[in-house]
1. When you go through Gly142, Gly137, Gly63, Gly110 one by one, which is the residue that is over 19 Å from His163 (Cα atoms) and touching a residue at least 24 places away in the same chain (Cβ under 8 Å)?
2. Looking only at the stretch 163-179, which residues are in contact with a helix residue (DSSP H, G or I) (Cβ under 9 Å, 6 or more places away or on another chain) and either in contact (Cβ under 8 Å) with a residue 60 or more places away in the chain or more than 16 Å from Arg104 (Cβ to Cβ) (or both)?
3. Tell me the residue from Pro189, Pro150 that is more than 22 Å from Val66 (Cα to Cα), in contact (Cβ under 8 Å) with a residue 24 or more places away in the chain and touching a strand residue (DSSP E or B) at 6+ places or on another chain (Cβ under 8 Å), please.
4. Just checking, which of Ala158, Ala130, Ala134, Ala195 is outside any strand (DSSP E or B), on the phi < 0 side of the Ramachandran plot and in contact with a Leu (Cβ under 7 Å, 6 or more places away or on another chain)?
5. Return a yes/no flag: does the stretch 136-151 have any residue that is of a type in the set (S, T, N, Q), surrounded by 13 or more Cβ atoms within 10 Å (Cβ to Cβ) and either closer than 21 Å to Ser198 by Cα or touching a Gly at 6+ places or on another chain (Cβ under 6 Å) (or both).
6. Could you identify the single residue in Glu135, Glu171, Glu126 that is of a type outside the set (Ser, Thr, Tyr), over 23 Å from His48 (Cα atoms) and at pLDDT 95 or above?
7. Filter the strands (runs of 3 or more DSSP E) completely within the stretch 1-109 down to those with at least 3 residues that are of a type in the set (Ser, Thr, Tyr) and either surrounded by fewer than 17 Cβ atoms within 10 Å (Cβ to Cβ) or modelled with pLDDT of 95 or more (or both).
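The values are calculated or read from the model by the stated rules, or taken from the named source; none is laboratory data. All values reported here derive from a predicted model rather than from experimental measurement. We place every Cβ from the backbone using ideal geometry, glycine too, and count neighbours over all the protein chains shown.
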Amino acid sequence: MSEWIDISLPLSAETPVWPGDTPFSYRLTWTKAESGSVNVGQITLSTHTGTHIDAPYHFDDEGKRVLDLDVHLYIGPARVIQWEGEGSIRPKDLAAMDLTGVKRLLIRTGAWSDPCRFPKTIPHIEPELAPFLAEKGVRLLGLDLPSVDPLDSKELPAHHALHRRGIHILESAVLDQVEPGEYELVALPLPLKEADGSPVRAVLKRIG
């Protein structure tokens, strides 16, 4: 029987965050010695810490918040593929793959080589990839990168292009030990009513 593979970045003070964003922290607000019974902790973090999903509200003031999203997007069959291109991820890079009917697509780039440091550059998604993927049936796009856009982008063209085509975003998945193939994915966001994103515990199980 296949075992679940954890593709989530561990959350600690060493977890890299977007430059200027809230660093992760954990501290005990009650200790067992103080309370007489339990340790109780407090966490501080950005909604985009570690492996996370973007809600449309992240880049669109009128977009859906996390609790508005269909949880079925984040549970179900997924395909992991290896990107072999250069510079940016374009339709021609995936043209040779039969992606018809793939609802959840995870792209392993291997470009984020040191998960303890925020990357300086990444191979971003070109906006024209959105209609290409939508035509195949993709509803969720996951990457082993902290963004689908260039790190210095303010316009976020890939975010908006994917959103227009009904494709949701999973970022910072840990895929370096995951072989291309068919999997079952679970990557549920927290039920955050007003939030623009949410950390997830993302796991994969090989199918077949």
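1. Working: Gly142 fails: over 19 Å from His163 (Cα atoms); Gly137 fails: over 19 Å from His163 (Cα atoms); Gly63 fails: over 19 Å from His163 (Cα atoms).
Being over 19 Å from His163 (Cα atoms) and touching a residue at least 24 places away in the same chain (Cβ under 8 Å) holds for just one of Gly142, Gly137, Gly63, Gly110, which is Gly110.
2. Step one: filter the stretch 163-179 for residues in contact with a helix residue (DSSP H, G or I) (Cβ under 9 Å, 6 or more places away or on another chain), giving 163-170.
Within the stretch 163-179, His163, Arg164, His168, Ile169, Leu170 meet the criteria.
3. Values: Pro189 fails: more than 22 Å from Val66 (Cα to Cα).
None of the others qualify; the one that does is Pro150.
4. Details: Ala158 fails: in contact with a Leu (Cβ under 7 Å, 6 or more places away or on another chain); Ala134 fails: in contact with a Leu (Cβ under 7 Å, 6 or more places away or on another chain); Ala195 fails: in contact with a Leu (Cβ under 7 Å, 6 or more places away or on another chain).
Step by step, each of Ala158, Ala130, Ala134, Ala195 is checked, and only Ala130 is outside any strand (DSSP E or B), on the phi < 0 side of the Ramachandran plot and in contact with a Leu (Cβ under 7 Å, 6 or more places away or on another chain).
5. Going residue by residue through the stretch 136-151, those that are of a type in the set (S, T, N, Q) are 147.
This time we only want the ones that are surrounded by 13 or more Cβ atoms within 10 Å (Cβ to Cβ), so: 147.
Adding the requirement that they be either closer than 21 Å to Ser198 by Cα or touching a Gly at 6+ places or on another chain (Cβ under 6 Å) (or both) leaves 147.
Yes, there is a match, as at least one residue in the stretch 136-151 is of a type in the set (S, T, N, Q), surrounded by 13 or more Cβ atoms within 10 Å (Cβ to Cβ) and either closer than 21 Å to Ser198 by Cα or touching a Gly at 6+ places or on another chain (Cβ under 6 Å) (or both).
6. Details: Glu171 fails: over 23 Å from His48 (Cα atoms); Glu126 fails: over 23 Å from His48 (Cα atoms).
Of the residues listed, the single one that is of a type outside the set (Ser, Thr, Tyr), over 23 Å from His48 (Cα atoms) and at pLDDT 95 or above is Glu135.
7. Working: elements: 25-30, 40-44, 52-54, 75-82, 104-108.
Hits in the stretch 1-109: 25-30.
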